[in-house]
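Novice: Let me give you the structure first, and then I'll get to my questions.
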Amino acid sequence: MDLFAAYRQQVLAALEQMVAAGQLPAGLNMAAVTAESPKDPAHGDMSTNAAMVLAKAAGTNPRALAEALVPYLQKIDGVVSAEIAGPGFINLRLKPEVWLGQVTAILKEGRAYGQGETGKGVRVNVEYVSANPTGPMHIGHARGAVVGDVLASLLAKAGYTVTREYYINDAGAQVDVLARSTHLRYREALGENIGEIPAGLYPGDYLVPLGQELAKEHGDKYVKAAEDEWLPIFRQAAITAMLVMIKSDLALMGVKHDVFSSEAAMIASGKVEEALAFLEGKGLMYVGVLEPPKGKTPDDWEPRPQTLFKSSQFGDDVDRALKKSDGSYTYFTPDIAYHYDKYKRGADVLIDVLGADHGGYVKRIKAAVTAMSDGKASCEVLLCQLVKLMKDGEPFKMSKRAGTFVTLRDMVELIGKDVLRFIMLTRKSDAALEFDVELVKSQTKDNPVFYVQYAHARCHSALRLMEEAIPGITAQTGDVGLLNHPEVLGLIRTLSHWPRTVEQAARSYEPHRIAFYLQELAAQFHALWNQGGQDERLRFVQAGNPALTASYAGLLKAVIATLASGLEVMGVEALESM
């Protein structure tokens, strides 16, 4: 149950009463009316902006509208008072019973608590990771992998129909470089001294086993053969091997995809030509000459006719080239076709989770999706900034088989899947992330994932202590009315925010909000636990008071359900003991 959504409906009902009484004009658009927590909890339990957003359309000022609305709000069940703040916001104070009733509501829903219908009927395609299939996943890929995976889970929690997708970039020049690097390892496996890996090839020894396999399969057949003879064979073998490695790395991190789409297969199927035919049919292609790049013009730049897409008609800064002057496709063209294909497969919203270096790509792909879908679909792009590893204040380095980077597998094996997933969401994706590998292995409150998992485990520990003191007590939930203590009510208020957090995080495509919420809830729970050492009334186990103990058992199970619900979205295990 979303308590805030329920009270918003009550506010809307009060406004309709004003319409019926002739105090407001009919036909007002009330979509922007909200019921949220005040920024300062001292101002009340809920705040509505109704007077602020409706006053202009109603032909009055916010303060006057608020004064007329307050008497109606004061009649809402559970409202103690309605007070006007500032120019016209209205703060509501609720009876303690309203919050206490949330415990019972959460227990009815259990781990499903927070499941919403915000996205009902909306189909979302979330594409994430999509690393070139040229080697193992590295720590830089981890952030996009987690952001995309948790976002997909979050959207599903909010009621959207979600497809998780990985785009295999297997048609570019980089896979030819991979094939040549593999051929070098193949020759090495046959006894050739290859010396230092030449510049421009992939140096990591992860290609050594593949070279050995190809040597066993083909012998020396391709040692002296022409490149055009062996390149396609080695390219396909290398791509296949790299995808096995990538999928294994992702599985180790708990990251999953529903669909793996191949760029090469898409091009071979004629989907690029199909997309271009669509644009041409809409009159969105033309041959023209682009303006020189802003800033310092490159020495080799020259104006030349190119086939262009009218992306500036759809919010882009300039029109974009689809074909080069030699007739070959630009890098952008297959991407247009790929997004067109995702739209045709049924996506209403296309979300791309990309590295920070794709910032200049955002407007053009959003423009392409708008054009290709006739405005029926939208595209959102989440950029993930770099991750910096530290140890004792110094940049962290590891011995590794990848060549020049820290592999995702190395990091998971060092700090664990749960820690890595949680840490990647302790900052908004477009903010740089730095973390100390020793700190995140520690079992202290400075380690956020430990702090949250420990709260869940502590709840289970308390239930076990209750059962030891009063056998059978944990099967009860008790009278929630006995929990009427300011500190307990504060925790329950935070529990009540979970459905709203899911909705808001899903609408804004911000999965980091889930990590923030869980840390806040865990902190409040630990604080309440510690206060029990000073105030007997706040001790969960009341051996001489079974009724209060049973009530606390219900509270603990509500905390467990909420933490487990959030950790499930995060893809992090909810531990029962630590």
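Novice: For all pairs of alpha-carbon atoms in region 166-258, what percent lies in each bin of width 5 Å, listed from the first bin to the last filled one?
Specialist: Computed distribution, short to long bins: 3, 13, 24, 23, 18, 10, 6, 3, 0.
Novice: Ok, one more. Please work out the Cα convex hull volume for region 166-322 and give it in Å³ per residue.
Specialist: 212 Å³
Novice: Now for a different question. Provide the per residue accessible area, probe 1.4 Å, for region 453-578, rounded to a whole number of square angstrom. Walk me through the numbers before you get to the answer.
Specialist: Working: 4880 Å² over 126 residues.
That works out to 39 Å² for each residue.
Novice: Applying the Karplus parametrisation 6.51 cos²θ - 1.76 cosθ + 1.60 with θ = phi - 60° to the phi angles of region 67-76, what ³J(HN,Hα) value in whole Hz is obtained for each residue in order, glycine and proline being reported as x?
Specialist: In residue order, the calculated couplings are 5, 6, 7, 3, x, 5, 5, 5, 8, 5 Hz.
Novice: Take the alpha-carbon centre of region 302-322, take the same for region 411-457, and report the distance between them in whole Å.
Specialist: Value for the Cα centre distance between the two parts: 44 Å.
Novice: Name the residues whose placed amide hydrogens come within less than 5 Å of the amide hydrogen of residue 163, ignoring near sequence neighbours (fewer than 5 apart) on the same chain.
Specialist: 124, 125, 126
Novice: Which cross-chain or sequence-distant (5 or more) residues have an amide H under 5 Å from the amide H of residue 355, H modelled 1.01 Å from N in plane?
Specialist: Counting only residues 5 or more places away or on other chains, the set is 384.
Novice: Something else now. What part of the accessible area of the chain, given as a whole %, is carbon or sulfur when the probe is 1.4 angstrom?
Specialist: Exposed carbon and sulfur together represent 50 percent of the surface.
Novice: Rounded to the nearest 0.05, what FRET efficiency do residue 324 and residue 277 give with R0 = 25 Å and r taken as the Cβ-Cβ distance? Could you check?
Specialist: Computed FRET efficiency for residue 324 and residue 277: 0.85.
Novice: In square angstrom, what is the accessible area per residue of region 304-343 with a 1.4 angstrom probe?
Specialist: 43 Å²
Novice: Using modelled amide H (1.01 Å from N, peptide plane; none on Pro or chain starts), what sits under 5 Å from the amide H of residue 541, excluding residues fewer than 5 places away?
Specialist: none
Novice: May I pose another question? In a solvent-free Debye calculation with one equal scatterer on each Cα, what is log10 I(q)/I(0) for the chain at q = 0.07, 0.09, 0.12 Å⁻¹, listed in the order of the q values?
Specialist: The Cα Debye sum returns log10 ratios of -0.57, -0.87, -1.24.
Novice: Classify region 431-578: rounded, prolate or oblate, from the alpha-carbon gyration tensor (a ≥ b ≥ c, eigenvalue square roots; a/c under 1.5 rounded; otherwise prolate if a/b is larger than b/c)? Write out the running numbers ahead of the final one.
Specialist: Working: a/c = 2.14, a/b = 1.64, b/c = 1.31.
Cα axes put region 431-578 in the prolate bin.
Novice: Along region 244-249, what does the Karplus equation 6.51 cos²θ - 1.76 cosθ + 1.60 (θ = phi - 60°) give for ³J(HN,Hα), rounded to whole Hz, x for Gly and Pro?
Specialist: 4, 5, 5, 4, 5, 5
Novice: Calculate, for region 206-258, the solvent-accessible area per residue in square angstrom, rolling a 1.4 angstrom probe over the heavy atoms of the protein chains.
Specialist: 53 Å²
Novice: Between residue 356 and residue 112, what is the label-to-label distance in nm when each label sits 7 Å out along the Cα-to-Cβ direction?
Specialist: Modelled inter-label distance: 4.2 nm.
Novice: Moving on to the next point. Taking a probe of 1.4 angstrom, what is the accessible area of residue 374 in Å², to the nearest 10?
Specialist: Looks like 90 Å² after rounding.
Novice: Residue 193 versus residue 390, label points 7 Å from Cα toward the beta carbon: distance in nm?
Specialist: Here the modelled spin labels are 4.6 nm apart.
Novice: Given +1 on the Cβ of Lys and Arg, -1 on the Cβ of Asp and Glu, and no further charges, what dipole in debye does the chain carry about its Cα centre, rounded to the nearest 20? Could the numbers behind the result be given before it?
Specialist: Working: 60 positive and 69 negative charges, 170 e Å.
It works out to roughly 820 debye.
Novice: For region 320-403, what number of Lys pairs, 8 or more residues apart or on separate chains, have alpha-carbon atoms under 23 Å from each other?
Specialist: Value for region 320-403: 16.
Novice: Follow-up. Please list, in order along region 428-439, the HN-Hα scalar couplings obtained from phi with the Karplus expression 6.51 cos²θ - 1.76 cosθ + 1.60 (θ = phi - 60°), rounded to whole Hz, x for Gly and Pro.
Specialist: Along region 428-439, the couplings run 4, 4, 8, 10, 4, 10, 10, 8, 8, 5, 7, 5 Hz.
Novice: Any chance you could run the full-extension gain for residue 28 through residue 5? It's 0.36 nm times the residue separation minus the Cα-Cα distance, nm to one decimal.
Specialist: Length gained between residue 28 and residue 5: 6.3 nm.
Novice: Can you tell me how much longer the chain between residue 122 and residue 428 gets when fully stretched, taken as 0.36 nm per residue apart minus their C-alpha distance, in nm with one decimal?
Specialist: Net length gain for the segment: 107.7 nm.
Novice: Expressed in nm², what is the orientationally averaged projection area of the convex hull enclosing the Cα positions of region 399-479?
Specialist: Value for region 399-479: 8.7 nm².
Novice: Ok, one more. Over 23 Å apart: what share of the alpha carbon pairs of region 317-401 falls there, rounded to a whole percent? Present the calculation step by step, with values, prior to reporting the outcome.
Specialist: Working: 1416 of 3570 pairs.
Every Cα pair in region 317-401 considered, those over 23 Å come to 40 percent.
Novice: Still on this model: In square angstrom, rounded to the nearest 10, how much accessible surface does residue 498 have for a 1.4 Å probe?
Specialist: 0 Å²
Novice: Would you mind getting me the FRET efficiency between residue 413 and residue 173? Use the beta-carbon distance for r and R0 = 22 Å, nearest 0.05.
Specialist: Working: r = 32 Å, r/R0 = 1.47.
Calculated transfer efficiency: 0.10.
The values are calculated or read from the model by the stated rules, or taken from the named source; none is laboratory data. Just so it is clear, the model here is predicted, and its values are computed rather than measured. Ideal geometry is used to build each Cβ from the backbone, glycine not excepted, and the neighbour counts take in all protein chains shown. The accessibility values were calculated without ligands, DNA or RNA, using every heavy atom of the protein model including side chains. Shrake-Rupley method; radii C 1.70, N 1.55, O 1.52, S 1.80 Å.
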